[in-house]
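Below: the structure, in structure tokens.
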Amino acid sequence: MSRYITRLRMRRAYKWNGRSVSKDRKLKRQYYESMSISVEGKTEDVTVSLGQYILIEGDDDDNPFVAQLLKLYTDGKKKTAVVQWFVRMCEVPQNKRKLLGRDPHPQEIFFYQDHSCDDEVDGETILGAVQVGIYVPVEDPFPKGKSKGILFVKLLWDTKSFRALDPELMQPPQSSKSPPPSSRGPQTRALPTPDLSVMKRAMSGILTRGSMSTGKMSSSEAESLHSASKLSAAKALSAKRRSRAVSGPHVRKKLDLCSECHASTHILAEEEHEDAPVQTAATPRSKRKSAQLVSSRIRKQLNLLGNTVDLLSDGEDDDDCFVPAKIDLQSSSDEEEEAKIDSEDELIVKKRRGSGTSRSTEKTRVSARTPRKTPTTPRTPRHVTPSIPSRSAPARKPGNVLEEARARLHVSSVPESLPCREQEFQDIYNFVESKVIDGTGGCMYISGVPGTGKTATVHEVIRSLQQSAEQDEIPHFRFIEINGMKMTDPHQAHVQILQKLTDQKATPDHAAALLEKRFSAPAPKKETTVLLVDELDLLWTRKQNVMYNLFDWPTRRNARLVVLTIANTMDLPERIMINRVASRLGLTRMSFQPYTFKQLQQIITSRLNRVKAFEEDALQLVSRKVAALSGDARRCLDICRRATEICEHSGSQKSSSGLVGMSHVMEALDEMFSSSYIAAIRCASVQEQLFLRAVIAEFRRLGLEEATFQQVFVQHQALCRVEGLQPVNVSEGLTVCQRLGSCRLLLLEGSRLDLFLRIRLNVSQDDVLYALKAD
């Protein structure tokens with residue numbers, strides 16, 4: 001647990017100052033003018049009054065929200081504050097910051113004007129007061145020499161542009177005890193001057209709550225947010241932990257590696273140059289293995305770059321010694337260090353050449369190179385992220401019609417549009433768009449057999465919504481995706497969601513707690529999150545807590561979470577989900593039906609896009625075969641691609657038109673469905689074939705890809721009665737199951753042979769059905 005650094009929480013107590021100034025009997029509210037906050041470990045309380053600028057707890061503990069306090073009231077249950085929000089530049093969306101047209105001032109905040117933003121917050125989320133200086137006109141520069149704790153207001157941000165701020169908007173709220181505006185004179189536009197004692201206590205109480213993540217903050221930011229002389233013991237402890245985290249090895253990788261490597265190489269070379277005696281001589285560079293290794297690597301790089309290098313001789317061996325001429329070889333730091341040390345040794349050899357015997361040279365060489373054998377800390381590589389080398393030549397374009405058709409029919413090829421799914425696209429688009437615009441949450445369950453375009457349709461919907469958000473037609477939202485097939489454990493879903501939302505790593509339980517807090521706590525200016533959960537059935541657990549959280553979070557009032565779930569079984573909620581989970585999922589469901597042969601033919605035609613590579617009869621044959629079996633569009637595309645390969649490599653069977661014909665398609669179908677497994681199924685006995693049918697029937701009933709022998713045996717007996725055969729007993733059924741397992745048609749649980757033996761299929765269900773139908 002040493003990886004997850006947390007800060008100590010500061011306990012705060014909130015109480016009203018004096019009596020209420022007014023009451024609202026209809027709403028059962030009592031209004032107050034000020035509230036005091038007592039912090040654990042502090043002798044003085046912090047007082048916040050109407051009109052003051054305050055700090056409010058948010059997602060970023062280092063940069064809390066800034067607001068002006070307008071009202072304070074209670075309904076008998078909780079304390080509530082009505083505020084006017086201000087935003088920092090870090091709270092403005094990344095793609096909107098360039099609209100400012102200049103670099104923001106480090107102490108600058110912006111008046112936030114958004115009518116859809118909630119202006120009521122929990123009173124117990126107030127951290128303290130903050131000093132906001134004066135209103136700065138647009139044409140005037142920012143004041144200099146002010147304290148770093150003072151903030152300045154100059155412009156207004158309305159979620160679309162920065163505009164000049166009307167000074168009347170900065171007027172303080174009217175007190176409840178003050179006379180009505182008609183009885184007073186003209187209002188002044190200057191900001192109120194708070195009491196010095198109040199401001200002193202407010203500045204001493206500015207503390208932010210500890211974060212559950214490892215926050216990294218520079219010293220300048222820490223001084224601007226807190227007073228270094230009045231840090232509490234808990235804050236000092238968190239500062240020590242933060243300094244350790246910054247000095248850790250995972251942070252050192254973020255430093256400038258190039259400058260560090262050059263500096264360390266230079267210092268190491270100077271130290272070894274000072275330690276070695278001047279009178280010593282070393283082996284010539286051309287005779288050393290390290291120099292030869294570096295030389296061979298440089299030669300290989302120069303050959304790849306195609307550059308020419310002048311080889312320089314040291315006077316004895318011209319073949320082994322050379323120096324590259326001003327070329328950036330981009331080698332590692334270790335190679336640069338060895339090359340630099342070798343060059344210094346070569347200078348010593350040239351100075352001492354002709355003086356001294358060979359024995360003295362040998363002795364001094366050993367003494368000079370002895371310090372280099374001491375083990376050192378391995379250096380951080382310069383290129384931390386691996387990169388793929390660039391192409392030496394551009395990718396080859398399709399040489400003929402068949403190659404171009406094969407490229408377009410690939411499953412990974414993104415088509416221009418998704419035919420035959422227009423109605424499903426529109427329904428999903430309307431559902432997500434309404435939730436994003438209203439700022440609410442919801443769930444949708446999408447089901448259908450594999451290869452019916454469920455995931456592709458959802459991705460196309462998200463792509464269209466993101467384009468609308470970039471054009472400011474709808475509010476901006478965040479899209480994240482998780483896949484149950486890519487997880488080793490269902491609880492890893494919490495870890496992946498948290499990491500994609502906040503770039504924060506945590507254990508599964510810790511991540512679930514942080515997500516629970518994020519989706520439960522109210523936060524202004526929160527963007528809607530759209531979560532796509534693919535392969536939902538693989539996230540099933542015994543307690544079903546993962547599924548319950550995914551469906552329960554969107555029902556929270558302040559969550560703004562839209563969950564789209566995808567699974568292969570239509571009635572999965574009724575089969576495996578308990579009542580409390582199925583009720584959270586709701587009734588918003590959509591089913592993708594298998595493609596018909598006309599729809600498959602239209603999909604292939606739209607992919608080819610006027611590329612004439614197939615005969616009409618061949619396309620119709622493929623579409624009808626796949627539609628009769630499963631309606632899987634991906635399998636249809638694979639068969640068409642294989643047919644183009646057969647047509648291209650069959651010289652004698654080529655049709656007169658040179659297109660893919662019926663014979664090529666039939667051969668591709670035989671290869672696709674006539675595998676060794678299919679041959680084994682066809683050659684199996686009647687009881688074995690019935691057992692395979694029972695396995696598939698039980699899988700479909702459960703909605704899972706695994707069942708026990710007892711469950712399959714019940715299905716097998718029922719099929720025997722339907723077919724008019726004598727049902728087998730348990731021992732005979734186990735024998736049939738073992739024989740299928742020995743043929744590797746079934747995957748059986750090892751070292752177990754009883755009613756609770758777990759069974760899985762080792763072949764696809766489509767192949768089993770195809771073999772049984774053909775038989």
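For the range 422-591, give the percent of accessible area contributed by carbon and sulfur heavy atoms, probe 1.4 Å, rounded to a whole number.
Working: 3600 of 7550 Å².
Accessible surface attributable to carbon and sulfur in the range 422-591 totals 48 percent.
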Checklist entry - Can you run phi through the Karplus equation (6.51, -1.76, 1.60; θ = phi - 60°) for the range 57-66 and list ³J(HN,Hα) in whole Hz, with x for Gly and Pro? => result 5, x, 5, 9, 6, 7, 10, x, 5, 10
Checklist outcome for this item: With bins of 10 Å, the percent of all Cα-Cα pairs of the range 422-591 per bin from 0 is 10, 40, 38, 11, 0
Item to check | Mean projected area in nm² (Cα convex hull; one quarter of hull surface) for the range 677-772 | outcome: 5.5 nm²
Item to check | Rg and Dmax of the range 611-757, Cα atoms only, in Å | outcome: 20.3, 61
Checklist outcome for this item: With the 1.4 Å probe rolled over protein heavy atoms, the range 680-775 has an accessible area per residue in Å² of 52 Å²
Item to check | Under-5 Å amide H pairs with THR528, H placed in peptide plane, nonlocal only | outcome: ARG478
Item to check | Carbon + sulfur, % of accessible area of the range 597-673 - ligands and nucleic acids excluded, 1.4 Å | outcome: 46 percent
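For the range 12-169, what Kirkwood radius comes out of the mean inverse Cα-Cα distance, in Å?
Details: mean 1/r = 0.0586 Å⁻¹.
After inverting the pairwise mean of 1/r, the radius is 17.1 Å.
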Next on the checklist: Can you tell me what share of the DSSP beta bridges in the range 12-169 is antiparallel? A percent to the nearest 5 is fine.
Outcome noted: 85 percent
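Quick one: accessible area per residue over the range 597-673, 1.4 Å probe, rounded to a whole number of Å²? If you can, show how the numbers build up before the last one.
Values: 3700 Å² over 77 residues.
For the range 597-673, the solvent-accessible area averages 48 Å² per residue.
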Checklist entry - Rounded to a whole number, what is D in µm²/s for the range 526-599 from Stokes-Einstein with the Kirkwood radius over alpha-carbon pairs (25 °C, 0.890 mPa s)? => result 180 µm²/s
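Given a 1.4 Å probe, how much area per residue of the range 12-169 is accessible, in Å²?
52 Å²
Could you check how much of the accessible area of the range 677-772 is carbon and sulfur, as a whole percent, using a 1.4 Å probe?
Values: 2520 of 4790 Å².
Looking at the range 677-772 in its full context, I get 53 percent from C and S.
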Item to check | Hz values of 3J(HN,Hα) by residue in the range 459-467 - Karplus curve (6.51, -1.76, 1.60), Gly and Pro given as x | outcome: 4, 5, 5, 5, 4, 5, 5, 5, 5
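The values are calculated or read from the model by the stated rules, or taken from the named source; none is laboratory data. In this text, all values refer to a predicted model and were calculated from it rather than measured experimentally. Side chains are part of the model used for accessible areas, which takes the heavy atoms of the whole protein and leaves out ligands, DNA and RNA. Shrake-Rupley method; radii C 1.70, N 1.55, O 1.52, S 1.80 Å.
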